[in-house]
Amino acid sequence: MTKFAIDFGTAVTKIYQLGSANGVVLAEATCVTVDKLTGEIKGFGNEAKKVLGKTAETNVIFPVYEGEIVNEELAAELLGYFLGKTGKKRGTEVMFCVPCGCSRESRNKYLRVSGRAGLSKVTFTEVPYLAALGMGVPVSESNPAFSVDIGAGKTSLAAFSLDGIIAGLNMNVGGNNMDVHIIDHIAQTYNLKIGLSTAEKLKNTVGSLIPHDHQSTVVQGRDITTGKPRQVVVYSDDIVRPISGYINTIVEYAELILRKLPEEVSANMCRSGIYLTGGVCEMPGLGDYVAERLQMDAHVADDPQMAAVLGGGRVLGNPALLSKLQMQ
């Protein structure tokens, strides 16, 4: 039987195939292009994202928003396309990586989408477990861990052991929020209107939480006053405010979780620190920034965006662990 772990993310879908030489067999944008007049699907994944904001004939639709499936029909078409690229066969077993505390209603959406995509055996495991396991964190019943996964649409925070989640929550805060805030910030600071793709590229190119970082890039957009094309040079320091604002919010909620923990668990967290995963954690200086504000060690995954799905692969390969961690 073919077994997959799937992180059906707001921005990027990652698929891990158990037994594959490479492990992760797919990582593509979670989006679809649809003809505005006919409703016909024109493209999937990375090819679809390439036309974002560049064509008047098609809409680029993201069927997963803030970690929730919001368009089941397109989500099923996209999932089926992705699985087809992996060479899915009959009898496929899939485990979805889902946000902390994923509701039954949300899981039912996954089940309906999976059924449309031709899947029959589906399980769910929460991201905080998977992200830590994907980093190689030694989690056990007696060794709890604190994991924060910052994705494009959601952030999952939890302190947990293999006995269960001790305290955790989900936030509709992630990299996409930063992109929107960067658009507003560039408009206010430079009188320049930029699009979502440009804001994302700007964040990924010069976004940094290293103090006084002076990386720079040229940004092109439309002058708000004249309506004419214009370009400006933007430095890391210029966009630190819209980025740090969201990280500060995440830190505040992490502090709330830490305050709820029993004394012995808190002592363990002080020794082991916090584990950071998710695509946003690739940003330079983020680990040190979080560590300074929480006054505890912060460990960033070697490959933050892939940590959860890598953990999913590890769980899939251990039936006893899967039985213990999967949501009932």
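Tabulated data for the structure shown
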quantity	calculated
Any hit, region 214-225, residues being crowded, with 16+ Cβ neighbours inside 10 Å and within 21 Å of residue 292 (Cα to Cα)	no
Region 250-289 - residue that is of a type in the set (Val, Ile, Thr) and over 18 Å from the mean Cα position of the chain (by Cα) and, of those, modelled with the highest pLDDT	257
Per-region count, region 133-170, residues of a type in the set (D, E, K, R) and buried (at least 24 other Cβ atoms within 10 Å of the Cβ)	2
Residue count for region 168-188, restricted to those that are at pLDDT 95 or above and touching a strand residue (DSSP E or B) at 6+ places or on another chain (Cβ under 9 Å)	3
Qualifying residues in region 226-254 (those that are charged (D, E, K, R) and surrounded by fewer than 12 Cβ atoms within 10 Å (Cβ to Cβ)) - the one nearest to residue 287 (Cα to Cα)	252
Residues located in region 224-253, provided they are among the aliphatic types (A, V, I, L, M), out of contact with any Lys or Arg (no Cβ under 9 Å at 6 or more places or on another chain) and within 30 Å of residue 161 (Cβ to Cβ)	250
Matching residues in region 164-202 - criterion: being in a strand (DSSP E or B) and over 13 Å from residue 224 (Cα atoms)	164, 165, 166, 167, 168, 169, 170, 171
Close pairs (9 angstrom Cβ cut-off, 6 or more residues apart or separate chains): free of Cβ contacts under 8 Å to residues at least 24 places away in the same chain in region 1-21, β-branched (Val, Ile, Thr) anywhere	19/2; 20/86
Extreme residue, nearest to residue 173 (Cα to Cα), among residues of region 203-216 that are of a type outside the set (A, V, I, L, M, F, W, C) and assigned to a helix (DSSP H, G or I)	203
Residue 130 of a type outside the set (S, T, N, Q) and crowded, with 17+ Cβ neighbours inside 10 Å	yes
For residue 263: the one exception among (1) surrounded by fewer than 18 Cβ atoms within 10 Å (Cβ to Cβ); (2) closer than 22 Å to residue 294 by Cβ; (3) in contact with a helix residue (DSSP H, G or I) (Cβ under 6 Å, 6 or more places away or on another chain)	(3)
Subset of region 103-123 [at negative phi, touching a Ser or Thr at 6+ places or on another chain (Cβ under 9 Å) and of a type outside the set (Val, Ile, Thr)]	114, 119, 120, 121
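The values are calculated or read from the model by the stated rules, or taken from the named source; none is laboratory data. What you see is a predicted model; the values in this text were computed from it and never measured. Note that we place each Cβ from the backbone using ideal geometry, even for glycine, and neighbour counts take in every protein chain shown.
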